1. With respect to residue B:223, is the statement that it is among the basic types (Lys, Arg) and within 14 Å of chain A (Cβ to nearest Cβ) true?
2. Could you list, in sequence order, the residues of the range B:223-243 that are surrounded by fewer than 19 Cβ atoms within 10 Å (Cβ to Cβ) and either free of Cβ contacts under 8 Å to residues at least 60 places away in the same chain or within 20 Å of the chain's Cα centre (by Cα) (or both)?
3. I'd like to verify a number: residues in the range A:204-218 that are hydrophobic (A, V, I, L, M, F, W, C) and surrounded by 18 or more Cβ atoms within 10 Å (Cβ to Cβ), how many?
4. Across the range A:281-291, what is the total count of residues that are more than 7 Å from chain B (Cβ to nearest Cβ) and either over 27 Å from residue A:499 (Cβ atoms) or in contact with a Pro (Cβ under 8 Å, 6 or more places away or on another chain) (or both)?
5. Assigned to a helix (DSSP H, G or I) and surrounded by 22 or more Cβ atoms within 10 Å (Cβ to Cβ): does that describe residue B:153?
6. For the range B:38-47, indicate whether the set of residues that are part of a helix (DSSP H, G or I), of a type outside the set (Ser, Thr, Tyr), in contact with a helix residue (DSSP H, G or I) (Cβ under 8 Å, 6 or more places away or on another chain) and within 25 Å of residue B:208 (Cβ to Cβ) is non-empty.
7. Can you go through A:254, A:301 and tell me which one is within 12 Å of chain B (Cβ to nearest Cβ), touching a Phe, Trp or Tyr at 6+ places or on another chain (Cβ under 8 Å) and crowded, with 24+ Cβ neighbours inside 10 Å?
Protein chains: 2
Amino acid sequence: MISRSPYGDEFRYVLDSKTENKKINNFINSGKKTVVVQGLGFVGTAVVAALADVKDKKNNPVFNVIGVDNPDEKGYWKIARVNLGKAPILSPDENLDIIYQNAFKNKNLMATYSKYAYSKADIVVVDINLSVTKKLGNPFKYDFTYSAFKEAIEVIANNVCENTLVVIETTVPPGTTQKIIYPIFQKIFKKRKLNIHKLYLAYSYERVMPGRAYLNSIINFYRVYSGINEESKRKTKDFLEVFINTKDYPLFEMHSTTACEMAKVLENSFRATNIAFIKEWTDYAQRAEVDLFEVIEAIRMRPTHRNIMLPGFGVGGYCLPKDSLLADWSSAKFFDGKKHLEMSLNAIAINDLMPNHTFELLKQKVGNLKGKHITILGVSYLNDIADTRYSPTQYFYDKCLKEKAIISLHDSVVSYWQEKKIRINTDINSLKNKTHEVAIFAVRHSEYSAFTSRDILAILPGVKVVIDANNVINDSVAKELVWSGVSMIGVGKGHWKCLGRE
Amino acid sequence: MISRSPYGDEFRYVLDSKTENKKINNFINSGKKTVVVQGLGFVGTAVVAALADVKDKKNNPVFNVIGVDNPDEKGYWKIARVNLGKAPILSPDENLDIIYQNAFKNKNLMATYSKYAYSKADIVVVDINLSVTKKLGNPFKYDFTYSAFKEAIEVIANNVCENTLVVIETTVPPGTTQKIIYPIFQKIFKKRKLNIHKLYLAYSYERVMPGRAYLNSIINFYRVYSGINEESKRKTKDFLEVFINTKDYPLFEMHSTTACEMAKVLENSFRATNIAFIKEWTDYAQRAEVDLFEVIEAIRMRPTHRNIMLPGFGVGGYCLPKDSLLADWSSAKFFDGKKHLEMSLNAIAINDLMPNHTFELLKQKVGNLKGKHITILGVSYLNDIADTRYSPTQYFYDKCLKEKAIISLHDSVVSYWQEKKIRINTDINSLKNKTHEVAIFAVRHSEYSAFTSRDILAILPGVKVVIDANNVINDSVAKELVWSGVSMIGVGKGHWKCLGRE
């Protein structure tokens, strides 16, 4: 079988548990505690690095770390990369690769697909995904199921020994640890004739931020945790203190795992709602020919208003577009909620459809898109991050495609757009040979925001309309482009209507 | 005629412009600049104090300050109080009364109803109200009219001289200065044969906070301003710099008065929306038996989430319940908005109806309220502030009354509830002689939050149910009350359901 990573490397593999288990036995060769991290995705990658890098006073690694992922096309390449001393996820944070290399040399890190790993664990950290399927723009209709997640928990319950600490980090519907995970352990421990009182179960969520401070956002940031009982809390505290800088970022212990799970989805819903809030003001300011960025800058002077969000192209990533749905599901199914979390879900819908604002500006300017050459600059959901999950560009791209526009794409960091299976040339000069009528700056990649008007005219020869959907271009560059005969439209930049009037 | 203040003083008066104008002429007796403040309400009171208190290097007052209000039952007592050396609005900020006394002695402050004052002004500051009539819970239907506001502006335009600077501080629908106020001046100046280019017109909004730092919130806080032209901006800057601590709180100049007006309503809409956001999570956490205060404390560790709001009883005061409506009106009428500012208006509705949450908790516990003795502690909209405008207690009180409950009221600072025309005994011991079955802590007055369980039992003899609607009572006091046989219910305190189960 073959597993391909998004970075171009390919791995052939044959499943062979016996060899795999021997590897594990050979790996566990010291008095170190063993931590098994389930899930080598975005969070697991950083957690593994944080754990593998912890050293004692003699500069020896504190933990044996085993990363576990699935032996399939989507999972195997992560395992293979770790066992070659590479981080599964590519990141602009250089620390990550260095740590994976060092751990490979130090032999305190391996990855496997074998369930046998859990039997060797002192601590298991759960970092798998728990997805929800939603309809863009209508988050009141979503599908959610625990099945894959439950299976993953069952694998742990069927393999761990007594006295293992299991720490859930996955974002879950609040109540999951108490109502889903703990009962699985109860049932399976009973079957296995293990003492359920010797299971330590906790919930603690990370606040990983992509980008250059990827690893840092695990180690140097506030952590919240709770456990199903006092002993679980205590053990979790001891564990977190080993790899988190709790001196500068004190731990916050909560009374219940449900409260802790709620904190995670509430903080993301809060942020998503704050982003959605600014949408109607963006429309309004556009009509009023007001520079909404200036307005927000004025408002942000107030310490209580510093997090008011800026207008933009849309919202993406793995958390904000879905976490409110997990809360809504929990409210209805676990806690007898008769009504939806309406404001939080409406915010999700507003954010889903936010690219429509840019699309409408485009239509107002250009009319029928059929056969028009449209250049979209930016495919990822966040500036300088090669992550395209729930990227707003996808929604926008699909709309343009439906109207039969001829689309050119560029992104500074995404060379392969997984969701669309499109290869992208990250060299900005590759655009020079193409035909441009309208260009959309969708993502504030640092490459783009450094452009002068001369750069833009050189890169996009013949461009007639430039739409800045994400505050990429500043007023003076915009003015120069207007002088050069380009029509400038900017989301949140109603005042650009006056450019060139003087 | 008689004018009665809410603090018990009465003033008889006869309108006599001649005497009034003589007083003004006698008052303007020096080389000082004269500032006329139109409107002696909540903002005007503080602005007058800030201006009257400015001293030059020789410790002499810099401005002659004239406060203007209407010669009617609602306005005259303010004028009379100022001319007796008293602040029109009572406030816990002691600086205010001292400044009014000193200005009285220094003779650099007077108040009048005479329009003649404007003719003596170098600067006019507009601090009158601009209200909107709304339907509680349905902010999509509101009535708004400029008529009184326009008349007030016309009075200024008909009386000021050329070279006067007029600074609008009233919260207005964005666009008002450009589209309403400036045209009034254009028309009237033409009629008066004055040069409109010698009118300086600006918008600058205050961020006054009630309470002990009332005056301080004018002087020591960030200010935003703009003017209809560069000269108006410059003159406004010079004026603001005289009485605001711009060294520590730099001024923020905006490109247009419309942008500046928008900043004011946007910042208040943002706050109102953030308050509304937490409502559905309060319901949810209540059902999940989660302590939402603990959850929010955990979330507030993140610098980006520090302003996530707490659950509570409701939202009141003069700004948050209405400012989004002014924005919505502007969007529709000035800037061709086809849709409402839906999220902002929905937030207003959620906040309007927030006391329903407490009311439902009450009904769940008590059932039919007919003939039940209900004690409501707190009538003002904010802790330790004697301001009852849009107070959530009013909505709650009306609902209880409609169900024929027998209501006892207390408030630590409000001795007369204007909207309901009810006298309130602020002595907490006055409750001891009354019958209590259910007590609602509606406002977090510091008197209440200092109560021990013993205090509560002594003050409310016989009370069976205590509902804490505003985080007044802490967990240990609640526990003691449960031990004493009281049923405890708390908004956002779902975990109290578990009290006494141990």
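The values are calculated or read from the model by the stated rules, or taken from the named source; none is laboratory data. What you see is a predicted model; the values in this text were computed from it and never measured. Reconstructed Cβ throughout: ideal geometry from the backbone, glycine too, with neighbour counts over all protein chains shown.
1. Spelling it out, residue B:223 is indeed among the basic types (Lys, Arg) and within 14 Å of chain A (Cβ to nearest Cβ).
2. B:229, B:230, B:231, B:234, B:237, B:238, B:240, B:241
3. Residues meeting the conditions: 3.
4. Counting residues in the range A:281-291 that are more than 7 Å from chain B (Cβ to nearest Cβ) and either over 27 Å from residue A:499 (Cβ atoms) or in contact with a Pro (Cβ under 8 Å, 6 or more places away or on another chain) (or both) gives 1.
5. Taking the combined requirement at face value, the residue satisfies it.
6. Yes, because at least one residue in the range B:38-47 is part of a helix (DSSP H, G or I), of a type outside the set (Ser, Thr, Tyr), in contact with a helix residue (DSSP H, G or I) (Cβ under 8 Å, 6 or more places away or on another chain) and within 25 Å of residue B:208 (Cβ to Cβ).
7. Exactly one of A:254, A:301 is within 12 Å of chain B (Cβ to nearest Cβ), touching a Phe, Trp or Tyr at 6+ places or on another chain (Cβ under 8 Å) and crowded, with 24+ Cβ neighbours inside 10 Å, namely A:254.
To keep it simple, each residue is scored yes or no on (1) of a type outside the set (S, T, N, Q); (2) within 30 Å of residue A:463 (Cβ to Cβ).
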| position | (1), (2) |
| --- | --- |
| A:274 | no, no |
| A:277 | yes, no |
| A:315 | yes, yes |
| A:324 | no, no |
| A:365 | yes, yes |
| A:368 | no, yes |
